[in-house]
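*Asks:* Below is a structure I'd like to ask you about.
The values are calculated or read from the model by the stated rules, or taken from the named source; none is laboratory data. A quick note: this is a predicted structure, and the numbers were derived from the prediction, not measured. Cβ sites come from the backbone with ideal geometry, for glycine too, and all protein chains shown count toward neighbours. Only protein heavy atoms, including side chains, enter the accessible area calculation; ligands, DNA and RNA are left aside. Shrake-Rupley method; radii C 1.70, N 1.55, O 1.52, S 1.80 Å.
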Amino acid sequence: MRSVFFAAALAFILLIAPVIPWRPLYSSAADTGLAVGCNSTEGVVSEGRILPGEYSESYFDETTKLLAYFSCSDTDGRTLQMAIVSPWEGWVGLLLQASETWNGDMNVVRVSYERGIGPRSYDGYFESASNTERMDVDWGGMTDVYDLTAESNDGVTVYEFAVPLTSDDIFDSHMTGDGFLYFQLAYSGVDVDFKSEASGTSPLNMIQISTQYFPKVWSELQFLPLEGSHERTGTEVLFLLRNDRGFSVPNAMVHVFMKAAFGFAELGVVMTNSQGVARAVLEPRGTGTYLVGAAFEGGQGLLASVVWMTLVLEDTGRALPIVDSGHIALSLVFLGVAGVWLVYAYALVLAHLATARSRGDLRPTRQQELRKWR
Amino acid sequence: MESEPNADRVLIQPLQQTTLRFLLLCAVLIGVVGVGAFGYVTQLQNGLSVTGLNDKVSWGLYISNFVFFIGISYGGTLMSAILRLTNTEWRGPITRLAESITVGALFLGALFPILDLGRPDRTLNLFIYGRLQSAVLWDFLAIGTYFAGALVYLYLTLIPDAAKLRNLSSLGGVRLWLYRRLARRWEGTPQQVAMLERGIVLMAAILIPVAVSAHSVLAWLFGMTLRVGWHSTIFGPFFVVGAIFSGIATIVIVMAAFRRFFGLHRYFTLRHFQRLATLLFVMDIALLYFTLSEYLTVAYGAESRDVLWLTALMHGHYALLFWTMILGGFILPAALLIIPRTRTIPGIVTASILIVAAMWIERVLIVVPTMATPQLPFEWTIYQPTWVEWSITAGTFAALILFIALFSKVFPIVSMWETRRRAGAEAPAESTAEEVVRA
């Protein structure tokens, strides 16, 4: 009896063990699930500034460094209201699932801001079957990007706009009831031309549009006054994370990054302490102007938040002079190398003079050589 | 030493007579160079994917060869210049040999970074986008300066011999044309000799710091990189000592070959070999000291990535090469060079061959394990050179031997005028030519 029991147990283990999820299971369809509440109140005012209480959901994308806020309004047709905080000079875009049933088609919205011109938008449609993207008007639809405003300060632009979810235009997104929509964020680094390719695209994510939701509350990440001077050996930067009531948020992760010539340099993740303060050390390789960003990705019932700061690092004169004064070092190297080449030239001149002195051509003629042989 | 005309005849004879054995050697070497050229054409057509190089080990065999060849070249001219400046009386037969090795090895060694590029046209980017902060640009400048200096130095020392040879009609039109262009109107008058010697001494004096700084710059190419095994303050002197070490060993091997095949027993004597053996021993000990200092410092610090790298060297993937280098290339040669019974020509040449092989392994061990050590917590990269890299390496070694062999057919491999000066007085060039023709 005991052997039968053991045999059964062994068979059970052998059969079941391979299918037990020993590792955590992850969804391969979307990275993040976000719940966007839809109600009939007018919460969002589009003026290029994000205010506490305006949006109910947020998403910070580590790839594009874009922070998107979402809200939904059922007033006058269902509308998705959005804000995007962008450190990019080119356009930023939203790709939103087009049909109620996911088939790969996307409603493409791009926005840009140019000083002196103002904000501009592009409403396009990507058809996955033909792998083609065109403006809605070219497909036979119309442009449906509403209430676009933008504000740009110190290299960071905040866009606010709305896109309909119950439009008559078949080339827009559609979500008449509650449900899920796939979305992606994208940017073009420097080119404001809407025809330019995206320089970076976020992973495919999902938002759930629902009238039943728990709204997240406002969070704000701030730079604290810097401690110490801007030295080339490193600069200490402090961040403070607060919630909607102004209380500090402890034990939260803050991602820190710095804008380089191409993309961003990740400076790592720091944790806020019990006073909601996190500390990061920047070690740029030279003087100049750096756009430093920090992001709280949300959590603990809080919306995500991001803060940007332009850091100007100046020479304090405390660096090693020979490294700092490049022209002096280069001059010394140039003088040294030039001196060596001058010595070569002098040696060649000596050789030239030595071989130029002659009492006549000493080379014996063929006849002279033959005569000597004889 | 033989009497003056006989001495010149022995040295000129290889220029006048070419044996079947020499032609056979050249044919084999050309064949190996051809295989190397085929390998390079394959690489040009298909890209670096035909090599074992990858995104992590991107330097591999090519840059190891680069460092090795540049090292040999530095040893050659440093030897020649130091012996000349110190007026060492036994230097006569050695200097020309050392200078020719320098020029050949420097030229061939400098090709390896271009081979490693995969796209040779991108060499131009060094000039278009080069940044003076980059050690790569310093290296290019240093090697270019050194190569130019080595050529000028070799040219100056060739002038008196070219003058002696320009009247030997039996040497053929092209060579006579070359001798006449080089020697111009050299007669060997005291004023001319004084002027030329001033130039030679000046070049010898400037080439020593140029060679040291150039090899230091090559070392900084590694040392200024924040990577395990490279970021070291001793890399400059470590490389310079290694260069002299491998350079002297190469001179010994080439000396032995010419002694054997050109019958130059009376020029390359046991005394020359033993003097060089003493230098080799000193350099061997110095290199062992540097090696111990380098590895002991790193091992004592025991940072996690350093430990990974050291473990791979000491008893990991590279242990066989590492211990072969230490025991077979440093310890055993030291014994061969110091024990009186083995301080013979065969013993010294054997030690030199072991040293050259060990120094090549050392260059590989400097380049490859460091690049293979993970900089992030990823897996190790295993670098395995393919036939393309091996064929190009073999082809370059063959090209160096071919260059030295062909050089010895154009100029006497032993400097006639310096050997003569060591033996006695300088004779006018025309009388020497007459005597040689009579002989």
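*Asks:* Per residue of B:134-142, what is the mean number of Cβ atoms on other protein chains within 10 angstrom of that residue's Cβ? Mind showing how you got there, number by number?
*Replies:* On the way: counts 0, 0, 0, 0, 2, 0, 0, 2, 2.
Other-chain Cβ atoms within 10 Å of each residue's Cβ, averaged: 1.
*Asks:* B:ARG131 to A:GLU236: FRET efficiency via 1/(1 + (r/R0)^6), r the Cβ-Cβ distance, R0 35 Å, to the nearest 0.05?
*Replies:* It comes out at approximately 0.75.
*Asks:* What ³J(HN,Hα) values, in whole Hz, does the Karplus curve 6.51 cos²θ - 1.76 cosθ + 1.60 give for segment B:359-370 when θ = phi - 60°, with x put for Gly and Pro?
*Replies:* Residue by residue, segment B:359-370 yields 5, 5, 4, 4, 5, 5, 6, 6, 7, 6, x, 5 Hz.
*Asks:* Full extension from B:LEU24 to B:LEU327: what is 0.36 nm times the residue separation minus their Cα-Cα distance, to one decimal in nm? Don't skip to the answer; put the middle values down first.
*Replies:* On the way: separation 303, 0.36 × 303 = 109.08 nm, distance 3.55 nm.
Between B:LEU24 and B:LEU327, full extension yields 105.5 nm more.
*Asks:* Can you list residues from other chains, or at least 5 along the same chain, whose modelled amide H is less than 5 Å from the amide H of A:ARG134?
*Replies:* Amide H neighbours of A:ARG134, under 5 Å, 5+ apart: A:TYR125, A:GLU127.
*Asks:* Taking the Cα centre of the protein assembly as shown as the origin and placing charges on Cβ (Lys, Arg +1; Asp, Glu -1), which of B:SER58, B:THR145, B:VAL193 is farthest toward the positive end of the dipole?
*Replies:* Of the listed residues, the answer is B:VAL193.
*Asks:* To continue, here is another question. Under the rule that a partner needs its Cβ under 4.7 Å from the first Cβ, which Cys of the protein assembly as shown have none?
*Replies:* B:CYS26
*Asks:* Still on this structure, I have one more. At 1.4 Å probe size, what's the solvent-accessible area of A:LYS216? Round to the nearest 10 Å².
*Replies:* Here the residue's solvent-accessible area equals roughly 70 Å².
*Asks:* From the C-alpha gyration tensor of the protein assembly as shown, pull out the three semi-axes of the equivalent ellipsoid (sqrt of 5λ each), sorted largest to smallest, in whole Å. It would help to have the intermediate numbers written out before the result.
*Replies:* Numbers: eigenvalues 1092, 190, 137 Å².
Rounded to whole Å, the semi-axes are 74, 31, 26.
*Asks:* Sticking with this one: Total accessible area buried between chains B and A, 1.4 Å probe, in Å² to the nearest 100? Kindly include the intermediate steps, with their values, before the conclusion.
*Replies:* Working: alone 19700 and 21650 Å², together 38470 Å².
Roughly 2900 Å² of accessible surface disappears when B and A pair.
*Asks:* Taking only Cα atoms, what is the 0 to 90° angle, nearest 10, from helix B:92-117's long axis to the longest principal axis of chain B?
*Replies:* 40 degrees
*Asks:* Using θ = phi - 60° and the Karplus form 6.51 cos²θ - 1.76 cosθ + 1.60, what ³J(HN,Hα) does each residue of segment B:17-26 get, whole Hz, x for Gly and Pro?
*Replies:* For segment B:17-26, the Karplus curve yields 10, 10, 7, 5, 4, 5, 5, 5, 4, 4 Hz.
*Asks:* Also, I was wondering about something else. Mind giving me the nanometre distance, one decimal, between the label points for B:PHE261 and A:LEU342, set 7 Å out from Cα along Cα→Cβ?
*Replies:* Spacing of the two 7 Å Cα→Cβ label points: 4.4 nm.
*Asks:* Accessible area, 1.4 Å probe, largest first: how do B:ARG184, A:ARG49, B:ARG122 sort? Please report the intermediate quantities before stating the final value.
*Replies:* Working: B:ARG184 95, A:ARG49 140, B:ARG122 120 Å².
If we order B:ARG184, A:ARG49, B:ARG122 from most to least accessible, we get A:ARG49, B:ARG122, B:ARG184.
*Asks:* Additional query: How shielded is A:336-347 by partner chains, expressed as the average number of their Cβ atoms within 10 Å of its Cβ atoms? Walk me through the numbers before you get to the answer.
*Replies:* Working: counts 4, 7, 0, 1, 10, 4, 1, 9, 12, 1, 5, 14.
Other-chain Cβ atoms within 10 Å of each residue's Cβ, averaged: 6.
*Asks:* Moving on. In nm, what is the difference between 0.36 nm times the number of residues separating A:PHE334 and A:THR176 and their Cα-Cα distance?
*Replies:* Details: separation 158, 0.36 × 158 = 56.88 nm, distance 7.29 nm.
This chain segment gains 49.6 nm when fully extended.
*Asks:* Let me ask something else. Can you give me the long-range amide H partners of A:GLY298? Hydrogens built in the peptide plane at 1.01 Å from N, cutoff under 5 Å, separation of 5 or more residues or another chain.
*Replies:* Residues meeting the amide H criterion: A:SER305.
*Asks:* With a cut-off of 8 Å between alpha carbons and a minimum separation of six or more residues, what is the relative contact order of chain B in percent? Display every interim value, and only then the final one.
*Replies:* On the way: 592 pairs, mean separation 143.9, N = 439.
The normalised contact order for chain B reaches 33 percent.
*Asks:* How tilted is helix B:4-16 with respect to the longest principal axis of chain B? Cα atoms for both, answer in degrees (0 to 90, nearest 10).
*Replies:* Taking the Cα atoms of chain B, the angle to B:4-16 is about 60 degrees.
*Asks:* Name the long-range amide H neighbours of A:SER199: under 5 Å, sequence gap of 5 or more, or other chain; modelled H, no Pro or chain starts.
*Replies:* Long-range HN contacts for A:SER199: A:TYR187, A:SER188, A:GLY189.
*Asks:* Whole angstrom only: what separates the Cα centroid of segment B:6-73 from the Cα centroid of segment B:196-258?
*Replies:* Their Cα centres are 21 Å away from one another.
*Asks:* Further, regarding this structure: For segment B:190-195, what does the Karplus curve 6.51 cos²θ - 1.76 cosθ + 1.60, with θ = phi - 60°, yield as ³J(HN,Hα) per residue in whole Hz, taken in order and with x for Gly and Pro?
*Replies:* Running phi through 6.51 cos²θ - 1.76 cosθ + 1.60 with θ = phi - 60° gives x, 5, 5, 4, 4, 5 Hz.
*Asks:* What's the center-to-center distance, using Cα atoms, between segment B:381-404 and segment B:98-165 in Å?
*Replies:* If you average the Cα positions of each part, the centres end up 19 Å apart.
*Asks:* Hey, got the average number of other protein chain Cβ atoms within 10 angstrom for residues in B:192-203? Each step should come with its number before you reach the end.
*Replies:* Working: counts 7, 1, 2, 8, 6, 2, 4, 11, 3, 1, 5, 7.
The per-residue average across the peptide is 5.
*Asks:* Also, I was wondering about something else. Could you order A:GLU127, B:GLU99 by accessible surface area, starting with the largest, using a probe radius of 1.4 Å? Let's see the in-between values first.
*Replies:* Details: A:GLU127 60, B:GLU99 5 Å².
The ranking, largest first, comes out as A:GLU127, B:GLU99.
*Asks:* What's the FRET efficiency of B:ILE339 with B:ALA319 using the Cβ-Cβ distance as r and R₀ = 22 Å, to the nearest 0.05?
*Replies:* Computed FRET efficiency for B:ILE339 and B:ALA319 comes out at 0.20.
*Asks:* Among the lysines, which have Cα under 21 Å from the Cα of B:LYS409 when same-chain residues fewer than 8 positions away are ignored?
*Replies:* B:LYS164
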